[in-house]
Each structure stands twice: as C-alpha cells, then as structure tokens.
Amino acid sequence: MLTGQHTQYLLRQIENIRKGERLHDTPEDAELFRSYTDEEIANILAWISRQDD
Ligand code: HEM
C-alpha cells in the first residue's frame, strides 16, 4: 500500500498523523509516530519508497 508512493507525500501524511489531523490505524498511533525521530522516519520512508508494489 505504501510502496512506490513518494516520500514527500508520505512525510506530509505522517506529520498530519503526528498532529492528530489524520487517523493512522488506531488513535494511539499518533503517539507512536511522535516517538520516532525525524531521521528515523526519513530512513523508514526511504526504504519503503524503494520496495516494489
Ligand atoms: C502493523 C503496522 C501497520 C498497520 C496495521 C497500518 C495500517 C494503516 C492503515 C489502515 C492505513 C489507512 C488509514 C486511512 O485509511 O486513512 C495506513 C495508512 C498509512 N500508514 Fe500505516 N500501518 C502500519 C505501519 C505503518 C508504518 C511502519 C508506517 C511508516 C512509518 C506507516 C505509514 C502510513 C502512512 C504514511 C499512511 C497514509 C498513506 C496514504 O495516504 O496513502 N504505516 N496504515
């Protein structure tokens, strides 16, 4: 689902999840996403964006 999507788009969605403006899967996920550093998020997105659909 996330594979092949652009990292800037995904980063915007993660920021929205962190701010509580978008629901991820469960409400607690907002706290989980805030617990990752920006560098960790960037590394995860770089990896995801390179996977095949
Ligand atoms: C067991 C792990 C995971 C589950 C069950 C899960 C579940 C979901 C679900 C249900 C949605 C759709 C929400 C909606 O309809 O609005 C979603 C979207 C999303 N998830 Fe996850 N997710 C998981 C892991 C992750 C991870 C590890 C990341 C990134 C670090 C991530 C980032 C995102 C993003 C950015 C979206 C929005 C995608 C879009 O707008 O197309 N998810 N996830």
Exercise for the section: Determine the distance separating the Cα centre of region 32-53 from the Cα centre of region 16-30; give it in Å without decimals. Expected result: 16
Practice task
Can you tell me the 0 to 90 degree angle between the C-alpha axis of helix 38-49 and the longest principal axis of the chain, rounded to 10?
Solution key: 40
Problem - Inter-site label distance for Thr37 and Leu10 at 7 Å from Cα along Cβ, in nm - result: 2.0
Practice task
Using just the helices of the chain, give the 222 nm mean residue ellipticity in deg cm²/dmol: DSSP H runs with n ≥ 4 each add -39,500 (n - 2.57), and the total is spread over all residues, rounded to 500.
Solution key: -17500 deg cm²/dmol
Completion exercise
Expressed to one decimal in nm², the mean projection of the alpha carbon convex hull of the chain is 3.4
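Just so you know, all these numbers are worked out from the coordinates, no wet-lab data involved. The structure displayed is predicted, hence computed values, not measured ones. Methodologically, a virtual Cβ is constructed for each residue, glycine included, from the backbone with ideal geometry; neighbour enumeration extends over all protein chains shown.
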